[in-house]
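Q: Starting off with a structure, shown below.
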2 protein chains.
Amino acid sequence: MEGKAFQDTWPEWGSNCWGCGRNNEHGLQIKSYWEGDEAVCTWQPKKYHEAYMGALCGGIIATIIDCHCTNTAIAAAYKAAGRELGTEPILKYATGSIYIKLLRPARIRKPITLRASIKEMKKSKITVSCSLYYQKKLCASGEIVVINLDR
Amino acid sequence: MEGKAFQDTWPEWGSNCWGCGRNNEHGLQIKSYWEGDEAVCTWQPKKYHEAYMGALCGGIIATIIDCHCTNTAIAAAYKAAGRELGTEPILKYATGSIYIKLLRPARIRKPITLRASIKEMKKSKITVSCSLYYQKKLCASGEIVVINLDR
């Protein structure tokens with residue numbers, strides 16, 4: 001993992017997101033890092049994040065994939081502009097769509113790993129693909145379209 | 001709204017879901033009811049469910065749409081079988097895919113309303129469409145494919 005977590009570089013007004021805000025004490029507080037051209041996140045669910053019988057809730061899966069991918073899209077936009085993450089003026093993006101395929105149950109007992117990469121980068125939007133693993137088994141895949149709010 | 005909330009009829013082992021379990025004190029505890037052929041849910045976000053600046057987090061939107069639609073699919077399967085909700089043997093379904101389009105920010109200040117209806121019902125899977133409103137404005141739409149685990 002390279003450098004600072006993406007989420008630790010955003011300004012205070014962008015630090016309260018329920019899925020990834022470093023200042024949201026009730027939230028999931030995921031952290032995303034570059035690892036070569038991929039962005040990686042490792043996150044430990046809590047007992048109460050289950051759907052039933054120890055399987056991780058699908059909504060939590062959608063949340064961590066969405067937040068990880070949106071953060072990855074913004075980090076990639078900074079990289080493409082040759083700029084340091086989080087420097088002013090802030091590049092403003094927001095999720096446009098979320099597509100998640102649930103392939104097999106992920107569990108809440110041990111950490112979840114997410115691996116995201118940029119599928120397509122346009123001025124108006126960035127498409128990010130993501131795989132979710134539990135104990136090295138692929139449990140879900142996602143595709144998130146992230147809209148450039150400054151376009 | 002007609003009858004009991006769907007989530008209040010499931011057995012104890014299905015009552016802990018983070019999105020909709022009546023016994024998950026840390027969860028969102030959404031409640032879904034029939035209103036004619038539509039299933040309706042009204043839910044009040046908490047301050048910490050925001051993405052930023054008072055906009056509802058996309059992951060929370062995905063969660064409540066997923067849970068509302070999956071509950072609706074199961075309720076529709078009971079209805080199609082001419083059976084009372086929650087009666088044994090339990091009809092077992094799980095989310096197969098989640099597609100959410102975020103159209104405009106929903107806010108956290110006032111209640112969110114979800115309206116879902118069955119788009120397609122097969123033996124192997126049920127497809128449910130859903131619209132999410134804030135103050136009567138359409139803010140997100142979703143399509144959830146729910147897999148029959150007994151197929």
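No lab work stands behind these numbers, since they all come straight from the coordinates. Model, not experiment: these values are computed from the prediction. With ideal geometry, Cβ positions are generated from the backbone for all residues, glycine too; neighbour counts draw on all protein chains shown.
Q: Can you list, shortest first and in nm, the gaps between the label point of residue A:124 and those of its counterparts in the other copies, using a point 7 Å from Cα in the C-beta direction?
A: Sorted ascending, the copy-to-copy spacings read 3.6 nm.
Q: Closest approach to the A-B rotation axis by any Cβ of A: residue and distance in angstrom?
A: A:62, 2
Q: Further question on the same structure: Out of every Cα pair in region A:39-151, what percent are spaced more than 25 Å from each other?
A: Values: 1623 of 6328 pairs.
Percent of Cα pairs beyond 25 Å in region A:39-151: 26.
Q: Taking R0 as 45 Å, what FRET efficiency do you get between residue B:90 and residue B:138 from their Cβ-Cβ distance, rounded to the nearest 0.05?
A: Values: r = 34 Å, r/R0 = 0.75.
Efficiency for this residue pair is about 0.85.
Q: Further question: Project the alpha carbons of the protein assembly as shown onto their principal axes and report the range along each, largest first, in whole Å.
A: Per principal axis, max minus min of the Cα coordinates gives 62, 42, 32 Å.
Q: Let me ask something else about it. Quick one: which residues, 5 or more positions from residue A:125 or on another chain, have an amide H under 5 Å from its amide H? H modelled 1.01 Å from N in the peptide plane, none for Pro or chain starts.
A: Distant-sequence amide H within range of residue A:125: A:148.
Q: Using only alpha carbon pairs under 8 Å that are at least six residues apart, calculate the relative contact order of region A:33-148 and give it in whole percent.
A: Working: 230 pairs, mean separation 36.9, N = 116.
This gives 32 percent for region A:33-148.
Q: Along Cα→Cβ, 7 Å out, is where each label goes; now give me the distance between the ones at residue B:123 and residue A:46 in nm to one decimal.
A: Result: 4.4 nm between the two label points.
Q: Using only atoms on other chains, find how many Cβ atoms lie within 10 Å of each Cβ of peptide A:45-57 and report the average.
A: 5
Q: What does the average come to when, for each residue of peptide A:65-72, you count the partner chain Cβ atoms lying within 10 Å of its Cβ?
A: Working: counts 3, 8, 4, 0, 0, 3, 0, 0.
The shielding value for this peptide is 2.
Q: Same structure again: Bin all alpha-carbon pair distances of region B:40-85 at 5 Å intervals from 0 and give each bin's fraction as a whole percent.
A: Pair shares across the bins are 5, 19, 21, 18, 12, 9, 8, 5, 2, 0.
Q: To the nearest whole number, what is the average tally of beta carbon atoms from other chains within 10 Å of the beta carbons of peptide A:3-16? Before the final figure, lay out each step's value.
A: On the way: counts 0, 0, 0, 0, 0, 0, 0, 1, 1, 0, 2, 3, 1, 8.
Partner Cβ neighbours, averaged per residue: 1.
Q: I've got another one for you. Starting from a label point 7 Å past Cα on the Cβ side, list the distances from residue A:111 to the same position in the other copies, nm, shortest first.
A: 4.1
Q: At a Cα cut-off below 22 Å, give the lysines reachable from residue B:110, other chains included and same-chain residues fewer than 8 away excluded.
A: Partners found: B:31, B:46, B:47, B:101, B:136, B:137.
Q: While we're on this one: Using a label point 7 angstrom from Cα along Cα-to-C-beta, what distances in nm, from shortest up, separate residue B:149 from the other copies?
A: 3.9
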